[in-house]
Every structure is written in structure tokens, then in C-alpha cells.
Amino acid sequence: MAKNDFCMPRGCYLLSHSVGRPLKSTLENATEQFFTPWQESAKEPWQQWLPAIENFTGALGRLFNAPSEQFCPQVNLSSGLTKLLMSHPVFNKPQCTVLMAQADFPSMGFVMQKALPACATIRFIPEHEDLSDRQVWQRYLTPEIDGVFVSHVYSNTGVQAPLNDIVALSKVTNTLSIIDVAQSAGVIPVDLTALNADFMIGSSVKWLCGGPGAAYLWVNPKQITQCEPKDVGWFSHQNPFEFDITHFQYNAKTLRFWGGTPSILPYVIAADSIAYIAQFGVDKVRAHNLALLTLLQQQLTAFLVSPNDKDQCSGTAILDFAEHQQTVLAALEAANISVDVRKLGIRISPHIYNTASEIQAFIATVKKVIKAAD
């Protein structure tokens, strides 16, 4: 049973959209690959540390079905997106126009406002639009759009964007596509080779259970030679150990986005969990997730404000109990059931370490509150 492989708290944890639970092997693995070479060797530990980065990109390659050299470690999504926008000539040409949704995570909008040139235009798909509808994207994705930023999943609404359709539309309009998989990686399958987007950013902290600090940038090989990052360092160099201050040559692959002396520990931790999810199979994670979401959808239909179709919903159900919201939250806390709440309602995200009995306990707690209030 997958639950036994994870460090689980007492009660029911349904916050994988925020932070996934660590594997029980995390501490031992981090000690072996990071602390032991540092603590016990008389030599500098870099020769033991750097292979952890290869483990990280290799695990990403298996997860997303793409060569490992197409991935570059990043500190977080904002940093990765900033580097990307500042590197590509299309995003720096006069009057560049970029499309994104008003429902996107604010950090991504902040980056767009500061990393794009002052003459650029950001067009927002309004919040009232259905971002799961291909026709909505087709209506806004017009030929003058230079770049489209797509969150595969919108965290506060539980909506899944039609990723394949959007990328296909972007090819027709000659628009560069940037995909954000922060809220979908590990729960909804993404095949980068089949998708053929231009760029992807993601993180490990949520469904991938890899903790913070281990984000990543993927670049389509067709785009890499056009990208000239400004935020560089010796690990962006084709030969980091050349040590010639007068000569810089971009790494031929995506590692040109890497930068200076890298962090190691976050990638050691994340590589272990990403490899676990990749071996388990994201399709199986999704099947389990949908089965538990179906229980919620069937028994709490009246309160569901997120999509329930498998092709339109994320891994998260959002429930609005209106005037009973605070009472429900208090009852869930008393029952040691961990959820959170955003503008549209309470967010519930069942992962492979959650069980049907836990979802039934959630449902029973909610129904008790609603019944008492009637």
C-alpha cells in the first residue's frame, strides 16, 4: 500500500495541492547522498554531490517522457520564468504581446510585468471565462499573440486547461507556448515528447512530494539555440571548469539556464520522490485520485464548485458550504482532517497515500455539520 511509503501525520491529510508528504526514505537518502560525503570525506564533496543533479533531471525525464538533458534545475518557478522571458528574442522584441489567464498564480503575473520589456503587452483571459473550454482559448489566442502562458491546472478553481488543444492552437498562430505544471505534475500525466510545447516550468513541492527549492525548466530543443540567458554563472558555461574569466560559452543544452554554484540538497530530496512517482505511474496516481474525487462528487454534489469531468478537473475538488463554511472548517479541524480554503471554497486533494475511508470520514464530518444546521 502506497500510504506505508510516506511519512503521514495523525488524522487525514488532504493538502497535496500545497505540500506533498515526504517519503519515509527521504531522510536516509539525503544523509547518504548529501551529508555523508560532506561529513566523512577528507576531499571536497562536489564529485559526490553533482551526480544528484543528474538523478534529478533523469527522474524528470522518466516522469515527462523527455531526454534528461532538456531539463535544467531552478530554485523556483518565478526564477525560471524570469530567466526564460529575458533570454528569448521573441519576448524582447518591440510590442511583444503575451496571453495568460487572470486566474493564474499571481507570482507568474508579477514576473510577466517585470521580466518583459516595458513596451510589452500582457493580455488576460478574464476570470469569468471557462479555462477548460478549447473554444475560449481559440478565441483569445489570435495571430498577434507572441507567447501564451498556460497553467495546466488552476489551483484556486480546480480547472484543468486543455493542454494539447492549446499547444496545437499555438502552432497555428505561430505563438510560443509556456506550460506551468506546478499543480499537475505527479497527478495528471504530461508527455512532453507528444505535447511538443516550447517551454515548461514546474516544481516538486506539491503532488511530486519533493519539497521546496527543486523547481525545473524544460526547453524544446528547437528553441534552445535562440535562448541567451542573462542570469548566468559558471554552471551555465559549456565547460564550467575552464576557469577563463574572459571566455564564456553557453552550454549547448538547457543547462545554460543553470547559473552559479548550485544548491544540492533540494534536488537530492526531490529526485528520490520524483523517481518514486514515475515508477508508480502518474496514470495510476490519477486513477486513484479520480476514484476518491468521485466519492466527493457523488455525495456532496450540491456543494461542488469545481469541474467534475475527468478531462476538465484537476486533482483538487473545491467545495463551497456558503454560510456553513466556517462551521465546516472548525469541524474538520476538530476531526484532524487537513484542508485549506480559498476564495471559491475549501480545497481537497486526495493523493495515493489517501484512502476511501478517509474521504468517507471527510464526507461524514461535513454531512453532520449540514444536518445539524438544518
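A few comments on the model shown:
- Each Lys and Arg adds +1 at its Cβ and each Asp and Glu adds -1 at its Cβ; summed about the Cα centre, region 77-149 shows a dipole of about 320 debye.
- Cα-Cα pairs of region 175-315 separated by more than 21 Å (percent): 56
- At q = 0.10 Å⁻¹ the log10 of I(q)/I(0) for region 129-246 amounts to -0.38, computed by Debye summation with a single uniform scatterer per C-alpha, solvent ignored.
- Cross-link partners of LYS222 among lysines (Cα-Cα below 30 Å; sequence separation of 8 or more within a chain): LYS83, LYS93, LYS114, LYS171, LYS206, LYS230, LYS253
- Percent of Cα pairs exceeding the 18 Å cut-off, where the set is region 29-80: 45
- Label point distance in nm, LYS343-THR142, each placed 7 Å from Cα along Cα→Cβ: 2.5
- Using the Karplus relation 6.51 cos²θ - 1.76 cosθ + 1.60 with θ = phi - 60°, the per-residue 3J(HN,Hα) values for region 204-212 come to 10, 6, 9, 5, 7, 6, x, x, x Hz, with x marking Gly and Pro.
- Straightening the chain between THR121 and ASN239 buys 38.7 nm, computed as 0.36 nm per residue apart minus the Cα-Cα spacing.
- Rounded to the nearest 0.05, the FRET efficiency derived from the C-beta distance between ALA373 and LEU27 at R0 = 51 Å is 0.70.
- If both residues of a DSSP beta bridge must be in region 76-186, then about 15% of such bridges are antiparallel.
- Residues of region 343-358 with amide N under 20 Å of a point placed 7 Å along Cα→Cβ from GLN299: 346-358
- Antiparallel DSSP beta bridges within the chain, as percent of all bridges there, nearest 5: 55
- By accessible area with a 1.4 Å probe, ligands and nucleic acids excluded, highest first: order of HIS324, HIS351, HIS288: HIS288, HIS324, HIS351
- Residue of VAL90, VAL153, VAL205 that the Gaussian network model of the chain assigns the largest fluctuation, springs spanning Cα pairs under 10 Å: VAL90
- Set of region 267-309 residues, backbone N closer than 18 Å to the point 7 Å along the Cα-Cβ line of ILE363: 287-309
- Heavy-atom accessible area for GLU228, with the other protein chains in place and a 1.4 Å probe, reaches approximately 100 Å².
- Kirkwood Rh (inverse of mean 1/r, distinct Cα pairs), the chain, angstrom: 21.8
- Surface accessible to a 1.4 Å probe, LEU290 within the full protein complex, Å²: 40
The values are calculated or read from the model by the stated rules, or taken from the named source; none is laboratory data. Note that the structure is predicted; figures quoted are calculated from it, not measured. Quick reminder, even Gly has a Cβ in these numbers, built from the backbone with ideal geometry, and neighbours come from all protein chains shown. The area values use the complete protein model at the heavy-atom level, side chains included, leaving out ligands, DNA and RNA. Shrake-Rupley method; radii C 1.70, N 1.55, O 1.52, S 1.80 Å.
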